[in-house]
Amino acid sequence: MDAASSLSLRRYGPDTPPHRHGHAQLVLPLRGAMELEIGGRGLRVAAARGAFIAPGQAHACSAHACDHFAVIDCSLADLGEATVERLHHAPHLAVPAPARHLLDHLAHFAAPEAALPEHLARRCLPLLLAGLTRAHAPQTRLDVLRLRVESAPGEDWPVERMARLAGVGAARLHVLFRHRLDTTPQTWLTTVRLREAMAKLRLNDAS
């Protein structure tokens, strides 16, 4: 692991202006949510979904002052070729269960007056990197499809479009969803949209 790599807890305001840096960055949710624009592309950091920012890539963000995030500054070598290749195409970063448990522990330090102890940061950084990169080594077509839909759940997603993105027929897509997730594509899509709506309702007073 690069000696300059680091793990820190951060908060952001509602209008952080566009900026860029020379290292790779992983933004992981602790509490609340963040709207990000990376290279002109919008995505959301919330729940079990983080974001990847490539070195030199312009990005801006918006979050509530009470929201907290774990941020990993690292080199591309720390992530590995397979992970970097996938994240360049789909910068949404699904956070697997082991990494989420670790982030839940770090959330105890997410307070205005608290900072992540250096010894804890040094211990957790390689564990988080290992969990995130292992989770995003080779992915199936269904995994890629799920990330694409989850990045824009409000779009029109008929089964035919999802099947086309997965490179299979509609009947085969149903089989894959039944085998992997024990549900149908449209039932899964409804769940994704409800989860997204619930996350947005937590951030404002809309009905």
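The values are calculated or read from the model by the stated rules, or taken from the named source; none is laboratory data. These numbers come from a predicted model, not from an experiment. Counting neighbours? That spans all protein chains shown, and the Cβs are built from the backbone with ideal geometry, glycine included. Just so you know, the surface numbers come from the protein's heavy atoms only, side chains and all, with ligands and any DNA or RNA stripped out. Shrake-Rupley method; radii C 1.70, N 1.55, O 1.52, S 1.80 Å.
Quick notes
- Here Ala99 meets the list (1) part of a helix (DSSP H, G or I); (2) at pLDDT 90 or above; (3) within 13 Å of the chain's Cα centre (by Cα) almost entirely, failing just condition (2).
- Matching option when the condition is of a type in the set (Phe, Trp, Tyr) and more than 14 Å from the chain's Cα centre (by Cα), among Phe69, Phe109, Phe52: Phe109
- Yes/no for His88 being open to solvent by 50 Å² or more (accessible area, probe 1.4 Å) and closer than 27 Å to Ala152 by Cβ: yes
- Unmet criterion (only one of (1) under 18 Å from Val45 (Cβ atoms); (2) modelled with pLDDT of 85 or more; (3) surrounded by 17 or more Cβ atoms within 10 Å (Cβ to Cβ)) for Met162: (1)
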